[in-house]
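Note sheet for the following structure.
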Amino acid sequence: MPGVYLSSAAAVLPEGFEARMRALLGSEYEDFLASFDRPLCTGLRRNPLKTGFTGDLSRFSLSPVPWCPTGFYYDAVSRPGLSPYHAAGLYYLQEPSAMAPAELLDPQPGEHVLDLCAAPGGKSTQLAGKLRGKGLLVCNEINAKRAKILSGNIERLGISNALVLNEHPKRLEERFAGYFDKILVDAPCSGEGMFRKEEAAVTDWTEDTNAICANRQLEILTSAAAMLRPGGRLVYSTCTFSPVENEGVISDFLWKNPDFSVEKPDVPFFSPGRPDWVANPAPGLEKTFRLWPHKLLGEGHYAAVLRRAGDEAPAVLPPEPAAKCPPELAAFRGQTGAALPEGKLLRFGDVCYLVPQALPEVKGLRVLRAGLELGAVLKNRFAPAHAWALWLQTLESSVSLEESDPLLARYLSGDVLPSDKRGWTLVQADGLSLGWAKGDGSQLKNHYPKALRRPV
């Protein structure tokens with residue numbers, strides 16, 4: 001039988017995938033197949049950490065995503081990724097069904113939360129929004145290149161209470177046993193829900209892919225379980241349709257970990273899991289969730305909400321020692337009135353960070369970002385970091401430009417701006433902080449990061 005051509009991905013669905021899905025879905029298969037012909041679902045998620053916005057998003061033609069209070073579908077023609085609002089972290093562009101796992105995890109301010117497979121950062125930034133700057137969010141990514149992308153998105157959205165790591169889950173298991181209240185495992189998978197978006201997901205798929213992924217997923221999930229406190233919640237998710245990687249992994253895990261059980265939050269938008277699709281199903285698989293692209297507006301996802309038996313406080317770990325505030329930083333704050341989040345000061349060489357009080361010792365870990373980067377002490381002066389600007393809501397000296405103002409495009413390109421201001425100044429787009437500039441009374445020298453600049 002010839003494969004189905006995907007116009008959006010310029011690829012053909014693998015015949016093995018087609019045959020499996022036809023056998024599983026039966027009468028639903030034709031509707032499932034038809035979903036590959038509709039336009040891609042495009043979504044964005046508002047960042048609740050960004051307040052003071054005075055602009056207008058109506059041109060994006062937003063409509064709500066039912067399972068995510070901060071999620072919206074948008075008109076792809078509007079291209080919100082090119083807006084200064086995106087650079088300012090007002091929203092994160094995210095496929096709508098991918099918004100479900102963080103909602104199911106439902107972290108609360110003050111909790112210790114782990115996103116174990118976090119890149120590129122969509123779910124991490126969503127979790128951070130729910131924490132509201134309180135507690136600790138540990139975001140880990142084993143792939144070093146993807147971990148840098150993750151760190152950049154944490155910075156862009158103005159998140160102050162995140163620790164970004166580039167570690168193997170086994171190493172974290174040794175350091176954080178029983179430490180987290182909530183854990184998200186959005187596991188690397190065969191990516192069958194990405195077939196319409198990424199040609200590589202189609203061309204890389206083989207008959208053996210699902211089993212190979214399932215073995216890795218169970219290993220990651222087992223490490224995550226060891227880091228969850230008794231009574232804590234864990235969400236396992238994938239963007240694939242494979243029963244082997246979904247119900248199969250959860251079933252194997254539950255048989256091996258009898259202190260875990262499946263919870264079923266009230267989410268009427270999603271379809272139940274299919275225990276009949278795996279051999280020797282563990283109890284509770286029908287309480288897991290499937291997001292089918294032919295039943296809702298999304299590319300597809302799977303999620304299982306797991307609860308560990310018991311009710312204990314998180315394990316107490318040795319704290320990371322706080323550093324003394326350097327006089328250069330104190331002087332900068334005195335001159336500018338720049339606010340800080342709650343926490344303690346850390347120094348990595350000349351670079352200063354403000355981290356949550358709960359941050360445990362990080363010595364020996366590959367740390368890409370620890371809390372909020374404040375800046376560096378350089379030759380008896382303080383140079384503020386871009387991350388601090390993106391976290392700040394206001395500053396004594398600031399310039400707020402409308403999105404349509406040509407000066408805003410000039411700033412994002414790295415150009416100087418005319419101004420009579422002196423000293424460090426916060427440049428904003430409709431009330432959203434974008435970055436630093438420094439005035440001499442006639443112009444503002446541009447301190448927007450060179451790597452982020454865009455031509456006018």
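The values are calculated or read from the model by the stated rules, or taken from the named source; none is laboratory data. Only a predicted model underlies this, so the values are computations on that prediction, with no experimental measurement involved. No Cβ is skipped: glycine too gets one built from the backbone with ideal geometry, and neighbour counts run over all protein chains shown.
Test each condition in (1) touching a residue at least 40 places away in the same chain (Cβ under 8 Å); (2) in a helix (DSSP H, G or I); (3) within 21 Å of the chain's Cα centre (by Cα) for Gln217 and report the one that comes out false.
(1)
Any residue in the stretch 70-83 that is surrounded by 15 or more Cβ atoms within 10 Å (Cβ to Cβ), within 23 Å of Cys189 (Cα to Cα) and at pLDDT 95 or above?
no
Got at least one residue in the stretch 15-30 being more than 20 Å from Tyr302 (Cα to Cα) and touching a helix residue (DSSP H, G or I) at 6+ places or on another chain (Cβ under 6 Å)?
No; the residues of the stretch 15-30 include none that is more than 20 Å from Tyr302 (Cα to Cα) and touching a helix residue (DSSP H, G or I) at 6+ places or on another chain (Cβ under 6 Å).
Kindly provide the set of residues from the stretch 91-123 that are touching an Asp or Glu at 6+ places or on another chain (Cβ under 8 Å), acidic (Asp, Glu) and not in a strand (DSSP E or B), ordered by number.
Passing the criteria: Glu95, Glu111.
In the stretch 125-142, is there at least one residue being of a type in the set (A, V, I, L, M) and more than 30 Å from Ala313 (Cβ to Cβ)?
No, the stretch 125-142 has no match at all.
Please count how many residues of the stretch 427-456 are closer than 21 Å to Asn153 by Cβ, outside any helix (DSSP H, G or I) and among the hydrophobic types (A, V, I, L, M, F, W, C).
Adding up the residues that qualify gives 5.
What's the total number of residues in the stretch 135-158 that are closer than 21 Å to Ala385 by Cα and not in a strand (DSSP E or B)?
Residues meeting the conditions: 12.
For the stretch 228-304, which strands (runs of 3 or more DSSP E) that fit wholly inside it have 1 or more residues that are without any contact (Cβ under 8 Å) to a residue 60 or more places away in the chain?
260-263, 289-291
Using beta carbons and a limit of 9 Å, which pairs, at least six apart or on different chains, have the first residue in the stretch 152-165 and within 16 Å of Leu345 (Cα to Cα) and the second one part of a strand (DSSP E or B) and among the β-branched types (Val, Ile, Thr)?
Hits for this filter: Ser160/Val355; Asn161/Val355; Ala162/Val138; Leu163/Val138; Leu163/Val355; Leu163/Val367.
The conditions are (1) out of contact with any strand residue (DSSP E or B) (no Cβ under 7 Å at 6 or more places or on another chain); (2) touching a residue at least 24 places away in the same chain (Cβ under 8 Å), and Leu104 fails exactly one of them. Which is it?
Evaluating Leu104 over (1) out of contact with any strand residue (DSSP E or B) (no Cβ under 7 Å at 6 or more places or on another chain); (2) touching a residue at least 24 places away in the same chain (Cβ under 8 Å) leaves (1) as the failure.
Are any residues in the stretch 411-456 acidic (Asp, Glu) and surrounded by 15 or more Cβ atoms within 10 Å (Cβ to Cβ), and if so, which ones?
Of everything in the stretch 411-456, those that are acidic (Asp, Glu) and surrounded by 15 or more Cβ atoms within 10 Å (Cβ to Cβ) turn out to be Asp415, Asp430.
If I go through the stretch 332-357 residue by residue, how many of them are surrounded by fewer than 19 Cβ atoms within 10 Å (Cβ to Cβ) and assigned to a loop (DSSP other than H, G, I, E, B)?
Number satisfying all stated conditions: 8.
Quick one: is Arg369 at pLDDT 95 or above, farther than 25 Å from Thr54 by Cβ and buried (at least 17 other Cβ atoms within 10 Å of the Cβ)?
yes
Listed residues Ala389, Ala383; which is at pLDDT 95 or above and either outside any helix (DSSP H, G or I) or farther than 20 Å from Thr54 by Cα (or both)? Spell out how you get there, then give the answer.
Values: Ala389 fails: either outside any helix (DSSP H, G or I) or farther than 20 Å from Thr54 by Cα (or both).
Exactly one of Ala389, Ala383 is at pLDDT 95 or above and either outside any helix (DSSP H, G or I) or farther than 20 Å from Thr54 by Cα (or both), namely Ala383.
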